[in-house]
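Okay, so here's the structure we're looking at.
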Amino acid sequence: MIWLLAAMMAAATVLGVIWPLGRASSDDAGRMAKAMAIYEDQLAELDRDAERGLITEGEARAASVEIKRRMLAAGGVEDRKTKAAGRVAVVMAALFVPLAGFGLYTQVGNPDVASVPFAARGAEQQN
């Protein structure tokens, strides 16, 4: 019975760690789409300002380059690869820890040892 309880607790812990990782990918896609829409609006506004003569040609070019740089940074492939590698590492750790604990217990632990009440442990009571 204790093994069933321990397995359920380990499964709940693993699920608690892995569950948010599945939701994060859809949230990231929505955030990236919103960010790209903002950057596109900024580029359109920059073009309008340049047409009206509110900013010079050089300022418009510099601002356009900066906005495009931010667009590349927001949708960068390297960031996605890094996030995916981090998620894999978290999942592997979440699965490895309970399995390693069970393996260590089967090698070192001894579930058949009889319990001894504290009152019967003279050496431990003196410390």
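Each residue in region 32-89 was checked for being farther than 30 Å from residue 18 by Cβ and either part of a helix (DSSP H, G or I) or at pLDDT below 85 (or both), and 32 of them qualify. One residue stands out in region 37-61 among those that are surrounded by 13 or more Cβ atoms within 10 Å (Cβ to Cβ) and among the small types (Gly, Ala, Ser): the one that is farthest from residue 75 (Cα to Cα), namely 50. Checking each residue in region 96-125 for being at pLDDT below 85, hydrophobic (A, V, I, L, M, F, W, C) and either open to solvent by less than 90 Å² (accessible area, probe 1.4 Å) or touching a helix residue (DSSP H, G or I) at 6+ places or on another chain (Cβ under 8 Å) (or both) picks out 114, 116, 118, 119, 120, 123.
The values are calculated or read from the model by the stated rules, or taken from the named source; none is laboratory data. Remember, predicted model here, so these are calculated numbers, not experimental data. Quick reminder, even Gly has a Cβ in these numbers, built from the backbone with ideal geometry, and neighbours come from all protein chains shown. Only protein heavy atoms, including side chains, enter the accessible area calculation; ligands, DNA and RNA are left aside. Shrake-Rupley method; radii C 1.70, N 1.55, O 1.52, S 1.80 Å.
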